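The values are calculated or read from the model by the stated rules, or taken from the named source; none is laboratory data. Here the structure is a predicted model, which means the values were calculated and not measured. Here the Cβ positions follow ideal geometry from the backbone for every residue, glycine too, while neighbour counts run over all protein chains shown. In case anyone asks, the SASA skips ligands and DNA or RNA and just uses the protein heavy atoms, side chains included. Shrake-Rupley method; radii C 1.70, N 1.55, O 1.52, S 1.80 Å.
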Amino acid sequence: NYKAQGPKIFVLGPAASGKTLFLAGCYMRMLDIAEIPVRASNDLLDLTDELHKVTWPSRTGGISRYQFTFEVGKIFPRETILRNIDYPGVYLEDILSYMYSRKDVNKMDDVEKKYAMAAKEVINADKLIFIVDGAKYPRFEEMGIIHYTKIITKLHENGKYIKPYIVVTKSDLFKEEYPAYESNYVGFRKFIEEKFSQNIYIRQLLVEAQSTIFYPVFYHTKKIEDEYIPLRDDNRNVYIFGFDKFMDSLVEDW
């Protein structure tokens, strides 16, 4: 019955990059394979409920805490937390100045406090997941990648070394370029990695992040007029791709 504390994993991504839907996809994957209850936060339960009812969940209007806790292993189970705090608007670029800051939180305004909260999550995390918005390709300067590089560098400067995961959301936009994506995930992953790593922002991140691996994920969609809407089965469940590979890899790394 011994239960060890597993890693705390925090998800980072700019506004509208798909980070909340990414966490929902990971949660749905764990529901498929978990042998014991997967404990989700109320915000995450509300998100999956909304995803089940509408086309896409609404954009964040306030601070939302998406997380779920699950256990890995039978003899010595490890309790693991996968977590994201979603803020309305842009916050990623402001985290750096609050990392390892000696500012008095009690003297901060509400905006500063949310940056300090996010910075604390980053510092305390055992693993980080960086979300790269595939829909912005090839506009890499809009993907927030330079902030990821600065965050990793700041952690290294303070003696903390984390090899992050890079997750490319909305990667279904590239499946026509790699038709064998369903039968060959490894090949599709390498294709995405090669495609993206030709950009200087990505190359900088890979150097600082010690050549971490890319993981493409997406929700299967269909295009109606100018909008992509999620495909669903008869029970209104969405179809997800790549989340099983990512979660399996995440678990194996422990």
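Results for (1) more than 21 Å from Leu21 (Cα to Cα); (2) in a loop (DSSP other than H, G, I, E, B); (3) in contact (Cβ under 8 Å) with a residue 60 or more places away in the chain, shown as yes or no for each residue.
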| residue | (1), (2), (3) |
| --- | --- |
| Tyr178 | yes, yes, no |
| Gly187 | yes, no, no |
| Phe191 | yes, no, no |
| Lys195 | yes, no, no |
| Gln198 | yes, yes, no |
| Ile202 | yes, no, yes |
| Val207 | yes, no, no |
| Lys222 | no, no, no |
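Taking (1) modelled with pLDDT under 85; (2) open to solvent by 40 Å² or more (accessible area, probe 1.4 Å); (3) hydroxyl-bearing (Ser, Thr, Tyr) in turn, Tyr91 satisfies each apart from (2). Looking at this structure, is Lys3 basic (Lys, Arg) and at pLDDT below 85? Considered against the rule, which asks whether it is basic (Lys, Arg) and at pLDDT below 85, Lys3 comes out as yes. Of the residues in the stretch 234-243, not one is within 15 Å of the chain's Cα centre (by Cα), open to solvent by 60 Å² or more (accessible area, probe 1.4 Å) and modelled with pLDDT under 95. Only one of the listed residues (Ser211, Ser171, Ser249) is open to solvent by 30 Å² or more (accessible area, probe 1.4 Å) and of a type in the set (Ser, Thr, Tyr). That residue is Ser211. Residues in the stretch 97-114 that are closer than 14 Å to Lys150 by Cβ and open to solvent by less than 40 Å² (accessible area, probe 1.4 Å): Tyr98, Met99.
Tell me yes or no: at least one residue of the stretch 148-164 is modelled with pLDDT under 95 and in contact with a strand residue (DSSP E or B) (Cβ under 6 Å, 6 or more places away or on another chain). Within the stretch 148-164 (the criterion being modelled with pLDDT under 95 and in contact with a strand residue (DSSP E or B) (Cβ under 6 Å, 6 or more places away or on another chain)), the answer is yes, since at least one residue qualifies. Pick out the one residue from Ala118, Ala40 that is at pLDDT 85 or above, crowded, with 16+ Cβ neighbours inside 10 Å, small (Gly, Ala, Ser) and over 19 Å from Ala15 (Cα atoms). Every option except Ala40 fails the conditions.
Considering Leu45, Leu96, Leu12, the condition of being touching a strand residue (DSSP E or B) at 6+ places or on another chain (Cβ under 8 Å), at pLDDT 90 or above and aliphatic (A, V, I, L, M) is satisfied by Leu12 alone.
The set of residues from the stretch 82-115 being farther than 20 Å from Gly13 by Cβ and without any contact (Cβ under 8 Å) to a residue 12 or more places away in the chain comprises Arg102, Asp104, Val105, Asn106, Lys107, Met108, Asp109, Asp110, Lys113.
When Ile224, Ile151, Ile200 are checked against the criterion of being open to solvent by less than 40 Å² (accessible area, probe 1.4 Å) and either of a type outside the set (Phe, Trp, Tyr) or closer than 29 Å to Met30 by Cα (or both), a single residue qualifies: Ile151.
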